[in-house]
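Here the structure comes first, spelled out in structure tokens, and everything after it is commentary.
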Amino acid sequence: MGEHSATHINAPNSFHGDGISIDEYSAQSLVVPAVVIDICKQATENPDYLLTVADILTWEAEFGTIKPDCIVLLYTYWQHKWLDKNAFLNQDADGNIHFPGFSGKATEFLITERKIAGVGIDTHGVDSGQDNNFTTNSLILAKPRIVLENLTNLDQLPPQGATLVIGILRLRGGSGSPAAVMAFF
């Protein structure tokens, strides 16, 4: 199993040469409050859908402002495609993959205006399949924050009020690790 297999966490050194590796995360940084933003409807209508600042503000109007040092989880319904490789990868005839993610503007807003601890998603990447620059990964991991990918059971979490405990393998110099993610609420 590779560092970036199944449910996993990306470390800053996977995108930034001077970033910390997975073994340098403190245990405290891997216990974080979480919020869940549901974009299932949008992602069903458009598999390349990107979370917008407007989506965040709409969520906040209902559930309250996202607090600093929490992780923002994006529920896209993609977790239900896991057992069907073709549906999960959603590759077109040219080999391009299509799945939803965070927009660069939404990510910048979450970092600068909400001071989040990280992001997570139920697809195989926080950057959409069409983002070859890996904008969200690059922005989030510019500091020792959290990026979780291939999450599941996000539909079972409340929009706010959960705490995640993220178990990792402390791979020396590793750019990521498979992760066991537990939620308490």
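Mind listing the long-range amide H neighbours of residue 146? Cut-off is under 5 Å, sequence gap 5 or more, other chains count too, H placed in the peptide plane at 1.01 Å from N.
Correct list: 118, 119.
Go through 116-123, 75-82 and give me the packing order, highest mean Cβ count within 10 Å leading.
Working: 116-123: 26.1, 75-82: 19.2.
So the peptides 116-123, 75-82, ranked by packing, come out 116-123, 75-82.
For a quick check: sort 149, 62, 3 by the number of other beta carbons within 10 angstrom, fewest at the front. Walk me through the numbers before you get to the answer.
Values: 149 23, 62 8, 3 17.
The order, fewest Cβ neighbours first, is 62, 3, 149.
Sequence-distant or interchain residues sharing an amide H contact under 5 Å with residue 20, placed H: which?
13
If the viscosity is 1.002 mPa s and the temperature 20 °C, what translational diffusion coefficient in µm²/s does Stokes-Einstein give for the range 8-184 when Rh comes from Kirkwood over Cα pairs? Numbers along the way, then the final one.
Working: Rh = 16.1 Å.
My calculation gives 133 µm²/s for D.
Give me the extension gain from residue 91 to residue 28: residue separation times 0.36 nm, minus the current Cα-Cα distance, reported in nm with one decimal. Write down the numbers at each step before the final one.
On the way: separation 63, 0.36 × 63 = 22.68 nm, distance 3.82 nm.
Extra length available between residue 91 and residue 28 comes to 18.9 nm.
What list do you get for 124, 8 if you sort them by fewest beta carbons within 10 Å?
Working: 124 20, 8 24.
The fewest-first ordering by Cβ neighbours comes to 124, 8.
For a footprinting-style exposure proxy, rank 94, 131 by other Cβ within 10 Å, fewest first. It would help to have the intermediate numbers written out before the result.
Details: 94 5, 131 19.
Listed from fewest to most nearby Cβ atoms, that is 94, 131.
For residue 51, list long-range residues whose amide hydrogen, built 1.01 Å from N in the peptide plane, is under 5 Å from its own amide hydrogen.
So residue 51 has HN proximity to 101, 102, 103.
Out of all DSSP beta bridges in the range 8-184, what portion is antiparallel? Express it as a percent rounded to 5.
On the way: 18 of 32 bridges.
Taking every DSSP beta bridge with both residues in the range 8-184, the antiparallel ones total about 55 percent.
All of the numbers you see were taken from the coordinates with simple rules; none came from a lab. In this text the structure is predicted, and so the values were computed from the model without any measurement. Backbone-built Cβ (ideal geometry, glycine too); neighbour counts: all protein chains shown.
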